[in-house]
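The block underneath contains the structure these notes are about, expressed in structure tokens.
Values quoted throughout were computed directly from the atomic coordinates according to the rules given, and no laboratory measurement underlies them. Since the structure is predicted, the reported quantities are computational estimates derived from the model, not experimental observations. Because the Cβ atoms are built from the backbone with ideal geometry, glycine has one as well, and the counts that use them run over all protein chains shown.
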Amino acid sequence: MIDLFLNPLGQFNKVISQIVFALATALIGLIVLALTMSAVTRYVSGNGYDWFIELPPAMVTWLVFPLLGPLFRSGQHISVDFVTVFLSNTQVAFLKFLTHVVTLIAAVIFTQAGIEATQLYIQLGELMELEIEIPVWWIYLAFPVGFIILGLISLELILLDLKTFFAKNTGK
């Protein structure tokens, strides 16, 4: 029964993770390119373009928040490992399950908050004060997008935990 949801969700999350990692790589490249171009134009002409300096911080939210889920899924997130040394395998499995449940709950809460913030800035119609006009809501949209991805990946991890637990208890 769990596999009915787990397999398509796992495949979907795998594709989303690959897309997010590719976009993150491209964003890092754009950030480095923008800062390099800022230095080059300032060196060559004596004047720089402000948007070369101001664009990277605007892109950071799109780098950080969508990566939350894929990093969590691959185990590349920040974690505290010293506690697991003192726990049995069953206790470690339960702690991971609990972490996945708490992460899913937090992802739902932060998704809702991110949607509300994005809607507020859409209604306000504010633009970032750059040489190029970027709507402020575009920056805030990274929050719900990232937390939706994190929520889907947390759900996948919860289903994997349940599958492992039931497999151990049924002897499969």
I'd like to check something: does the stretch 136-155 contain any residue that is out of contact with any helix residue (DSSP H, G or I) (no Cβ under 6 Å at 6 or more places or on another chain) and closer than 28 Å to residue 39 by Cβ? yes
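Let's see how each residue does on (1) more than 12 Å from the chain's Cα centre (by Cα); (2) within 26 Å of residue 21 (Cβ to Cβ):
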| residue | (1), (2) |
| --- | --- |
| 84 | yes, no |
| 92 | yes, no |
| 97 | yes, yes |
| 100 | yes, yes |
| 136 | yes, no |
| 139 | yes, yes |
| 142 | no, yes |
| 146 | no, yes |
| 150 | no, yes |
Residues of the stretch 137-172 classified as in contact with a Leu (Cβ under 6 Å, 6 or more places away or on another chain) and among the hydroxyl-bearing types (Ser, Thr, Tyr), total: 1
Matching entry among 125, 151 (being more than 28 Å from residue 50 (Cα to Cα) and out of contact with any strand residue (DSSP E or B) (no Cβ under 7 Å at 6 or more places or on another chain)): 151
